[in-house]
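Reviewing the structure listed below.
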């Protein structure tokens, strides 16, 4: 069964700027601490990444996974689904960018199911590391 997590924050930047930073996948290793590599494998007709392979540090080891992206309500939404992963059955989620008076309310929603069972405290620690990506996105957008 997949675990879910949701986090929100306000970023002092426009939704368009947040969307642009969040879709520069090749640059994620510059600001997302746990990501070691990101390679765009496919692009859609508008040149946006539609399939991206990642290498990340997770639970004391390196993990590889590929996500498929869709942009139904761009630049207000980015959605992804796990295409392939070595330790995950599910890694699906989305970013939603909502304009507010002082910038953008960003919601990060995630569903994850690991192949290997983990104790609750380890899962929570891993979840916190993954959700920390939103804080890293905020820092990148505001820099």
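The values are calculated or read from the model by the stated rules, or taken from the named source; none is laboratory data. What you see is a predicted model; the values in this text were computed from it and never measured. All Cβ positions, even for glycine, are placed from backbone atoms using ideal geometry, and neighbour counts span all protein chains on display.
Among (1) over 16 Å from residue 79 (Cα atoms); (2) touching a strand residue (DSSP E or B) at 6+ places or on another chain (Cβ under 9 Å); (3) surrounded by fewer than 16 Cβ atoms within 10 Å (Cβ to Cβ), which single condition is residue 42 missing?
Of everything listed in (1) over 16 Å from residue 79 (Cα atoms); (2) touching a strand residue (DSSP E or B) at 6+ places or on another chain (Cβ under 9 Å); (3) surrounded by fewer than 16 Cβ atoms within 10 Å (Cβ to Cβ), residue 42 misses just condition (1).
Tell me, which residue of the range 55-87 that is within 21 Å of residue 3 (Cβ to Cβ) and out of contact with any strand residue (DSSP E or B) (no Cβ under 6 Å at 6 or more places or on another chain) is surrounded by the most Cβ atoms within 10 Å (Cβ to Cβ)?
58
Could you grab the pairs with beta carbons closer than 7 Å, sequence gap of 6+ or different chains, first residue in the range 28-51 and in contact (Cβ under 8 Å) with a residue 12 or more places away in the chain, second one assigned to a loop (DSSP other than H, G, I, E, B) and surrounded by 12 or more Cβ atoms within 10 Å (Cβ to Cβ)?
Note: pairs meeting the criteria are 48/23; 48/71; 49/23; 50/44.
Please tell me if residue 52 is under 17 Å from residue 86 (Cα atoms), touching a helix residue (DSSP H, G or I) at 6+ places or on another chain (Cβ under 7 Å) and surrounded by 14 or more Cβ atoms within 10 Å (Cβ to Cβ).
yes
Quick check on the range 13-26. Is at least one of its residues surrounded by fewer than 17 Cβ atoms within 10 Å (Cβ to Cβ) and at positive phi?
Within the range 13-26, not a single residue is surrounded by fewer than 17 Cβ atoms within 10 Å (Cβ to Cβ) and at positive phi.
If you go through the range 89-131, how many residues are at pLDDT below 75 and either surrounded by 14 or more Cβ atoms within 10 Å (Cβ to Cβ) or assigned to a loop (DSSP other than H, G, I, E, B) (or both)?
Summing the residues that are at pLDDT below 75 and either surrounded by 14 or more Cβ atoms within 10 Å (Cβ to Cβ) or assigned to a loop (DSSP other than H, G, I, E, B) (or both) in the range 89-131 gives 10.
Considering only the range 1-16, I want to know if a residue exists there that is part of a helix (DSSP H, G or I), under 27 Å from residue 143 (Cβ atoms) and either out of contact with any helix residue (DSSP H, G or I) (no Cβ under 6 Å at 6 or more places or on another chain) or at pLDDT 95 or above (or both).
Taking every residue of the range 1-16 in turn, at least one turns out to be part of a helix (DSSP H, G or I), under 27 Å from residue 143 (Cβ atoms) and either out of contact with any helix residue (DSSP H, G or I) (no Cβ under 6 Å at 6 or more places or on another chain) or at pLDDT 95 or above (or both).
Just one of the numbered conditions (1) in a strand (DSSP E or B); (2) touching a helix residue (DSSP H, G or I) at 6+ places or on another chain (Cβ under 9 Å) is not true of residue 65; which one?
Just one mismatch for residue 65, condition (2).
Report whether or not residue 38 is in contact with a helix residue (DSSP H, G or I) (Cβ under 7 Å, 6 or more places away or on another chain) and not in a loop (DSSP other than H, G, I, E, B).
Yes; evaluated as a whole, the condition is true for this residue.
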